[in-house]
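Novice: Before we start, here is the structure in question, set down as structure tokens.
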Amino acid sequence: MSRSVLVVAFATIAFATLSTLVADDASSVTPETKVLFEDDFEGRSELGEGYRTGRGMEAGWNIRDGVLFGEQVRDDHGSTMRKQMEFGDLHVSFDFRFSGGSRFNFVIDDNNEKSVHAGHVARASVSPKRISISDDKLGSMNLEVREKRKQKSLPAEEQKALDSLLARTQASAEISAKQGEWHHLEVIIRGTVMTVHLDGKQVVTLDSPGFAHPTKTQFGMTVNGTTIDFDNLKVFATE
């Protein structure tokens, strides 16, 4: 076999191998599975059926040119938007862009769960420099935990136990999400494990029992500051 033929053959094999690796890597983030729900926010100016906003926060959510814009309109709380959907595990993806806003939470709730504040069972908090995830059911949104955190002083052993609990139910990682640039986020909950991917790469994961809460009724965003933009929302089957 001539040298030129050998070079062509090697390049062909290398390209095929690289293509396989890329395909395998992509499938690990968004596998070829059934899409249960998707919304590209095209062709309308309002959220519409299946969504709800927080009281007094309606003006904080607008759709223009196929993009959902979220903006804080109350001084005491970020603007909330939730998609109503019943699920246990979850695989959701969407695009986001910081356009002045400081942070948003992707929040997962069970409206019927009374052991936590406002039904919060899990969340991913995203700022331009950091992504944090938390098991809200057992951690910071648990009513007993919230009461202890409000106390100005706890006995040393109780404070140590509280700090340990909060540490076990949270995880975070540094990121770089520049203002004005679109990014792609995927949030996956399978059993007790929550994982977040940013732009196709896994950035943070946590194993905590509260994530396995069996009945969840909604998910969505809470936006702080002005403005954060969203697009291409998809929910995938998890089985």
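Novice: Can you give me the accessible area per residue for segment 124-187, using a 1.4 Å probe, in Å²? Don't skip to the end; give the middle numbers.
Specialist: Working: 3790 Å² over 64 residues.
Computed with neighbouring chains in place, this is 59 Å² per residue.
Novice: Could you tell me what fraction of 2.2 N^0.38 Å the Cα radius of gyration of segment 24-116 comes to, as a two-decimal ratio?
Specialist: On the way: Rg = 15.2 Å, N = 93, 2.2 N^0.38 = 12.3 Å.
Normalised Cα radius of gyration, segment 24-116: 1.24.
Novice: Keeping the other protein chains in place, figure out the carbon and sulfur percent of the accessible area of the chain, with a 1.4 Å probe.
Specialist: Ligands and nucleic acids excluded, carbon and sulfur reach 52 percent.
Novice: Just to confirm the number: angle between the C-alpha axis of helix 156-168 and the first principal axis of the chain, 0 to 90 degrees, nearest 10?
Specialist: Relative to the chain, helix 156-168 is tipped by roughly 30 degrees.
Novice: With only Lys, Arg, Asp and Glu charged, each at its Cβ (+1 for the first two, -1 for the last two), find how big the charge dipole of segment 85-124 is about the Cα centre; round to the nearest 20 debye.
Specialist: Values: 4 positive and 6 negative charges, 61 e Å.
The dipole of segment 85-124 has a size of about 300 debye.
Novice: Then there is this: Between helix 3-29 and the chain, what is the angle of the helix's C-alpha long axis to the longest principal axis, kept within 0 to 90° and rounded to the nearest 10?
Specialist: That works out to roughly 20 degrees.
Novice: If you don't mind, another one. Running a GNM on the chain with Cα contacts under 10 Å, which residue among 229, 109, 65 ends up with the highest mean-square fluctuation?
Specialist: Checking each option, the largest mean-square fluctuation is seen for 65.
Novice: Counting only trypsin sites (Lys or Arg not before Pro) that are in a DSSP loop and have at most 14 other C-beta atoms within 10 Å, tell me the longest site-free stretch of the chain.
Specialist: Excluding the exposed sites themselves, the longest stretch runs over 179-239.
Novice: Could you tell me which residue out of 226, 72, 141 lies farthest along the dipole of the chain toward its positive end? Charges go on the beta carbon: Lys and Arg +1, Asp and Glu -1, centred on the Cα centre.
Specialist: Projecting each Cα onto the dipole axis, the largest value belongs to 141.
Novice: Then there is this: For the chain, with only Lys/Arg (+1) and Asp/Glu (-1) charged at the beta-carbon, what is the dipole magnitude about the Cα centre, in debye rounded to 20? Let's see the in-between values first.
Specialist: Working: 28 positive and 35 negative charges, 134 e Å.
In total the dipole reaches around 640 debye.
Novice: If you don't mind, there's one more thing I want to ask. Would you kindly state how much longer the chain becomes between residue 176 and residue 114 on full extension, computed as 0.36 nm times their sequence separation minus their alpha carbon distance, in nm to one decimal? Provide the component values of the computation, followed by the final result.
Specialist: Numbers: separation 62, 0.36 × 62 = 22.32 nm, distance 3.62 nm.
Stretched fully, the residue 176-residue 114 segment lengthens by 18.7 nm.
Novice: Quote the FRET efficiency, to the nearest 0.05, computed for residue 32 versus residue 167 with a Förster distance R0 of 30 Å and r equal to the Cβ-Cβ distance. Walk me through the intermediate numbers first.
Specialist: Details: r = 37 Å, r/R0 = 1.24.
Result of the calculation: an efficiency of 0.20.
Novice: From the phi of every residue in segment 106-119, what ³J(HN,Hα) in whole Hz does the Karplus formula 6.51 cos²θ - 1.76 cosθ + 1.60 yield, where θ is phi - 60° and glycine or proline is x?
Specialist: Result, rounded to whole Hz: 9, 10, 10, 10, 10, 4, 9, 8, 9, 8, 10, 6, 6, x.
The values are calculated or read from the model by the stated rules, or taken from the named source; none is laboratory data. This is a predicted model, so every value here is computed, not measured. When we count neighbours, we look across all protein chains shown, and the Cβ atoms used for this are built from the backbone with ideal geometry, even at glycine. Heavy atoms of the whole protein, side chains included, go into the accessibility calculation; ligands, DNA and RNA do not. Shrake-Rupley method; radii C 1.70, N 1.55, O 1.52, S 1.80 Å.
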